[in-house]
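Visitor: My questions all concern the structure below.
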Amino acid sequence: MWGAAHDDNAALMGGIAGHAGVFSTPGDLATYAHALITAYQDGGALGGWLRASLVSHAPIEPGLDRGLSWVLADGGRTAYHHGFTGTSLYLAPNTGRYLVICTNAVYHGAARTRIAPLRSLALKAISAI
């Protein structure tokens, strides 16, 4: 698809949806992650938003909770969000670390399920002390 929403849910809503995930270039995502972590550590308005969004609102499964915009792991010390295309952004604000994965899992059928081990490894890496 070119110029249309790949996400079936977004397509059903006319191509625009508030649940949109992480879609950008690695450099832009690194800039965004760095800004979030800096604001978190400095306590600015953006940092306040991040702190509020890292509060658990609902359990997903043992060890994972839903925050605002984020899935929370490692007791809330790690947050991540996956984009529909396979892109992922992981944050560990207390340690100042982030990890970005940019993939294209839309056009390759089973690729969406084959990236699960990579995402699991990324979560382990960013959560490691």
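Each value in this text was obtained by applying a stated rule to the coordinates, not by laboratory testing. Not measured: the values here are computed from a predicted model. Here the Cβ is made from the backbone with ideal geometry for all residues, glycine too, and neighbour counts use every protein chain on show.
Visitor: Taking G86 as meeting all but one of (1) surrounded by 20 or more Cβ atoms within 10 Å (Cβ to Cβ); (2) at positive phi; (3) in a helix (DSSP H, G or I); (4) not hydroxyl-bearing (S, T, Y), write down the number of the exception.
Guide: Status for G86: all satisfied but (3).
Visitor: Residue check, T95 against (1) farther than 29 Å from D8 by Cβ; (2) out of contact with any helix residue (DSSP H, G or I) (no Cβ under 7 Å at 6 or more places or on another chain); (3) in a helix (DSSP H, G or I), all met but one. Which one?
Guide: Every listed condition holds for T95 apart from (3).
Visitor: Among the listed residues A105, A116, A79, A128, which satisfies the condition of being more than 10 Å from the chain's Cα centre (by Cα) and surrounded by 17 or more Cβ atoms within 10 Å (Cβ to Cβ)?
Guide: Working: A116 fails: surrounded by 17 or more Cβ atoms within 10 Å (Cβ to Cβ); A79 fails: more than 10 Å from the chain's Cα centre (by Cα); A128 fails: surrounded by 17 or more Cβ atoms within 10 Å (Cβ to Cβ).
Result: A105 is the single residue among A105, A116, A79, A128 that is more than 10 Å from the chain's Cα centre (by Cα) and surrounded by 17 or more Cβ atoms within 10 Å (Cβ to Cβ).
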